[in-house]
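What follows is one structure encoded as structure tokens, with my remarks underneath.
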């Protein structure tokens, strides 16, 4: 299996090369040259593996289609090291539970930081350590987080050999619990940087550093954001696991509703569907920052500036530049790297938007690739959280509430609609209390976390500043 860039660089690379690299040298994102196809016999075999052997063995089966430069025995061991009931709370790892009227919730938030990002980040930490030890090298990870990526990355990388983490986040824009999870870590290899601005400013800094190829090579810069293909690949596995739990036979289809800001989580569903998983529809659920909903309804992809990025009660989706969206557009345009580069490298920089409404490919987003979308507001979140708690005795977090609200408008009779849960409610306690009048449950290990000492550096949204910071801490 070889990998190419969405912006036209066809120089094929192996998995472990792009694992440590992040962005491609031309500024694009890596994708496999083609998606492996999963036939009915393979689906049946994988169904039996998940049901009888478990998630770790299913993960090995999926990942081994994309990773051929790690020995099979080592890759299987990494999967078993990562996906354990002790770490993720149940033998199923991502248990499915019925909600209502054909809607199901897939629990992805039982890992160390109580968010779905753990599903990929725990594997990524083990992959990084394995490959760095094998090469005798070090890696400086530069990341951006709107809330959950940061803590998931730091908990996965803390204490790992040869790895430092420099994590940027928008100052004051995460929940108190999210901030405490990150800023209370005192590990020598973890550095938190609070940036004046919004998540997109943080993401722009990461991309600017990654595009400085001399600096990137000198300081061995890697990424853990979902621009890293390895992280997105790990997320593909739980789409198969959800499908196997919701169906009895391979002739059945399911749909997924995915709360999404940066398009990474739902892009993994796109990959699973391209492989042959019987997905009827992929429904993108946004909050008030609705750049993705606008595209799927109009064909216009219009990024917003900091002043037009709303601060909402589902803050992990307060994103107006969806980095992973480039991967889907590359596929949508028939894998035309030159056209993709013109849109994401030129048009966005020049005009701040591009319009595909008149492009023949735009209709294929729904008809061929199954994408639909919807939008949720703070009032919708409160109403959904309150309703689910009153009728089902279940608390859901604010982002999952966005998903449930949108899923209700897109469910089809006879087709299970699986909503991907994104986090446990305690991470957004203020809104849960506003909706239900009750404090959500808190795992004992996080009691008093907000009161712990914090270690964080404040910084302007300036790529040169973060480069100087990295250089100073790598000497």
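Every number in this text was worked out from the coordinates using simple rules, so none of it is lab data. Just so you know, these numbers come straight off a predicted model, no measurement behind them. All Cβ positions, glycine included, derive from the backbone under ideal geometry; neighbour counts span all protein chains shown.
Worth a mention:
- Inter-label distance, nm, simple model (7 Å from Cα along the C-beta direction), residue 451/residue 383: 3.9 nm
- Pairs of Cα atoms farther than 12 Å apart, region 417-475, %: 80 percent
- Packing-based exposure ordering (other Cβ within 10 Å, fewest first) of 168, 400: 168, 400
- From the C-alpha gyration tensor of the chain, square roots of 5λ in Å: 29, 26, 24
- Antiparallel bridges, percent of DSSP beta bridges restricted to the chain (to nearest 5): 30 percent
- Length added when fully stretched, residue 351-residue 33, from 0.36 nm per residue minus Cα-Cα: 111.4 nm
- Label point distance in nm, residue 186-residue 72, each placed 7 Å from Cα along Cα→Cβ: 4.7 nm
- Calculated log₁₀ intensity ratio I(q)/I(0) where the Debye formula runs over C-alpha points of region 113-224, q = 0.13, 0.21 Å⁻¹: -0.45, -1.17
- Column: log10 I(q)/I(0), Debye, Cα scatterers of region 373-475, q = 0.18, 0.22 Å⁻¹: -0.88, -1.08
- As a calculated quantity, the FRET efficiency between residue 212 and residue 57 at R0 = 30 Å, using C-beta atoms, amounts to about 0.15.
- Cα-only Debye scattering, region 327-417: base-10 log of I(q)/I(0) at q = 0.19 Å⁻¹: -0.92
- A Förster distance of 30 Å, applied to the separation of the beta-carbon atoms of residue 161 and residue 2, puts the FRET efficiency at 0.60.
- Averaging the sequence gap over all C-alpha pairs within less than 8 Å and six or more residues apart, then dividing by the number of residues, gives region 1-124 a relative contact order of 17 percent.
- Region 386-470, relative contact order in percent, only Cα pairs under 8 angstrom and at least six apart counted: 24 percent
- With N counted as the residues of region 205-250, its alpha-carbon radius of gyration over 2.2 N^0.38 Å works out to 1.84.
- Here the relative contact order of region 71-204, from alpha carbon pairs under 8 Å that lie six or more residues apart, stands at 19 percent.
- On the basis of the beta-carbon distance and an R0 of 22 Å, residue 441 and residue 101 show a calculated FRET efficiency of 0.25.
- For the peptides 68-75, 425-432, 48-55, 118-125, residues were scored by their other Cβ atoms within 10 Å and the scores averaged per peptide; the highest-first order is 118-125, 425-432, 48-55, 68-75.
- Stretch gain in nm, segment residue 84-residue 249, where the contour uses 0.36 nm per residue and the Cα spacing is subtracted: 56.7 nm
- The reciprocal of the average 1/r between distinct C-alpha atoms defines the Kirkwood hydrodynamic radius, which for region 18-112 equals 15.7 Å.
- Each of 468, 316 was scored by other Cβ atoms within 10 Å of its Cβ. Listed from fewest to most, they are 468, 316.
- Over region 137-291, volume per residue of the alpha carbon convex hull, in Å³: 145 Å³
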